[in-house]
Amino acid sequence: MMHFLKLLSSLSFFICFVSCMTPNKAYKNHTKDMHSMVVCSHPAAAKAGIDILKAGGNAYDAAIATQFALAIVYPRAGNIGGGGFMVGRDADGKCFALDFREKAPEAASEDMYLDDQGNVIPDKSLVGIFAAGVPGSVDGMWTLFNEKGSLPWNQLIQPAIDLAKNGVVLTEKEAAHMNEYSVIIDSVSGFKTNYGSKKWKKGDLFVQSALAHTLENIRDFGRDGFYKGKTAEDIVRTSGQHQGLITQSDLDNYHSRWRSPIFCEYKGYQLCLMPPPSSGGVLIAQMLRVMEQMKLSEKGFNTAAYIHGLTEIQRRAYADRSEYFGDPDFVVNHVNTLLSQKYIDSKYSDIKVDKATPSSEIKKGDVNRIESFETTHFSIVDKWQNAVAITTTLNGNYGSKLVVEGSGFLLNNEMDDFSVKPGSPNQFGLIGGEANSIRPGKRMLSSMTPTIISKDGKLYAIVGTPGGSTIITVNLQIIADLIDFNMSMEEAVLAPKMHSQWLPDEIYLEKGRFDSAIINQLEAMGHRVKEVKSLGKPDCIKVLPDGSLEGGTDPSKGDGTIEGF
Ligand code: DON
């Protein structure tokens, strides 16, 4: 299994390398003069959402249709076996956050990924049933529907059922991903799954009959169609067969949570951000404050001085991430302290304008790698200007790689987002401490940061991206690009991205998109610079001054689609 995973990661590196040779191009599908819009990672899911808006539904209805459609057409990240976060803004300006993040099973324990010597057992938190948290997406959508939905539930689920039953035409990228992962999915699942049924190519029809039946149960019985009855029995049986921990009691006790968003003001704009168990909202609020105090934008867009400043800010913020954040139902997150002026002064005052601070001087630690995995974000605005930002995930590509037999969907591998051992990095190189340790029923810390921005009481932008630990920094740059550098959404989404995260003590730059002179200047300041294929895959919307909408997606990073009318 280990050899297989290594082969897989070198293969992805090769694919990354080839695709990063292509510079980002201007949109083909860039659309303006629209007042209703869905931007998401797959054309068929965008269509499912926009059709609901055309049928008179609101942004929340469209979000539910899009979430379920993504579970069919974008199975490496779209899901019913995972979880996510939503930030919403009603047309009257009220913002709210919904947490449908997975939870640790009741039988989970702090050391469940350690061997007798206390060492981390490789891959146990990443592959197979042990990696899976109790799924939250269906409860999340049901909770959203009950509070905000306007069309009948069955109308919102039907597009996904049709896609599963009639089949979705595979794009080139989906076909390539399925071929890359089908062997491991079949091997982990222990039976021939849909994924491994043939060698896929662009244009093939991918039919998912078992999943269609599961969705029919969800359509007919709502939440109970997943957490009770046949689907629940299939989950519990699969868990038992693989010596997993998820029980009927875990499914009964899963409930999403409404949370108070993190609000922050940046240069006259109001940001509504995801609170813990996302670390992103607090960190973005903290970093924007420092950027404003340092007048960082005056250094100029993506100059060496600007990237240096961002890096110094980000390394300090991510050091906090490793220490202070965890599920707010279990630990205090000290949000007010972390956002107080006194704390920010004490934390950031030692930044030097021309010299890197080694991360080891900020806090000790040691980690290795960073890569892109899969999650997906979508943004929706309806004609009333209700707005939705949802980031949803199985965590890694195709999650735990375990398909629930009989029900046809993949379970997540979100347990890896816990701190499986203090000081030991997860797949994103993120380190955690006690606040993010495993407890029964606890939610694992996340970086997902769906964000909504308004100005003078009016909706301004919906921002979000996948990308593991890079979600926070990519969102930060999009926000800064829009506000500080007055970019269009297209420009902000396509602009070259950087990332740093305390440990490893490195700056990541999108390959081939930064001048060597800038890289040289950063290295002269003491930074270690690495080029990576790409950072983030944002799907965003900006409201133009006349109230029409501008979508933003990056065609070089996937099948992202803007649908509007
Ligand atoms: O919640 C988190 O922070 C991670 N599980 C997100 C994973 C992710 O973004 C992978 N994809 N690109």
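Structure above, values below:
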| item | result |
| --- | --- |
| Compactness of the range 69-137 as Cα Rg over 2.2 N^0.38 Å, two decimals | 1.51 |
| Farthest positive-ward along the chain dipole, Cα basis, beta-carbon charges - from PRO261, GLN158, MET141 | GLN158 |
| At most 10 other Cβ within 10 Å, DSSP loop - chymotrypsin sites (Phe, Trp or Tyr not before Pro), the range 447-516 | none |
| For the range 252-394, size of Cβ-based charge dipole, Lys and Arg +1, Asp and Glu -1, in debye | 360 debye |
| Of every Cα-Cα pair in the range 222-379, the percent that sits beyond 19 Å | 68 percent |
| Hydrodynamic radius by Kirkwood, which averages 1/r over all alpha carbon pairs of the range 462-565, in angstrom | 14.6 Å |
| Sites matching trypsin sites (Lys or Arg not before Pro) across the range 250-356 that sit in DSSP coil, with at most 11 neighbouring C-beta atoms within 10 Å | LYS295, LYS352 |
| Sparse-neighbour loop sites [chymotrypsin sites (Phe, Trp or Tyr not before Pro); the range 160-267; at most 11 other C-beta within 10 Å; DSSP] | PHE191 |
| Pairwise centroid distance, computed over Cα atoms, of the range 336-363 with the range 458-534, Å | 20 Å |
| Highest-first arrangement of 38-44, 324-330, where packing means the average Cβ count within 10 Å | 38-44, 324-330 |
| Of all DSSP beta bridges in the chain, antiparallel share, percent nearest 5 | 90 percent |
| Furthest towards positive pole of dipole, PHE409, LEU245, GLY222, structure part the chain, Cβ charges | PHE409 |
| Surface/4 estimate of mean projected area, convex hull on alpha-carbon atoms of the range 121-216, nm² | 7.9 nm² |
| Signed unit charges on C-beta, dipole axis of the range 25-125, positive-most listed residue LEU114, ALA55, PRO75 | ALA55 |
| Packing-based ranking, highest mean first, of 55-65, 75-85 given that Cβ atoms within 10 Å are counted | 75-85, 55-65 |
| Rg to Rh quotient for the chain, alpha carbon positions, Kirkwood Rh | 0.94 |
| Length-normalised contact order of the chain in % [C-alpha pairs under 8 Å, at least 6 apart] | 25 percent |
| Between the range 415-451 and the range 290-314, the Cα center-to-center distance that results, in Å | 28 Å |
| Helix-derived mean residue ellipticity, 222 nm - over the chain, DSSP H n ≥ 4, -39500 (n - 2.57), to 500 | -11000 deg cm²/dmol |
| Accessible area per residue, Å², the chain with all protein chains present, probe 1.4 Å | 35 Å² |
| Rounded percent of accessible protein surface that carbon and sulfur make up, the chain, 1.4 Å probe | 53 percent |
| Cα-centred dipole magnitude for the chain, charges only on beta-carbon of K, R (+1) and D, E (-1), debye, nearest 20 | 600 debye |
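The values are calculated or read from the model by the stated rules, or taken from the named source; none is laboratory data. Here the structure is a predicted model, which is why all the values come from computation and not from measurement. All Cβ positions, glycine included, derive from the backbone under ideal geometry; neighbour counts span all protein chains shown. We work out accessible area using only protein heavy atoms, side chains counted, and drop any ligands, DNA or RNA first. Shrake-Rupley method; radii C 1.70, N 1.55, O 1.52, S 1.80 Å.
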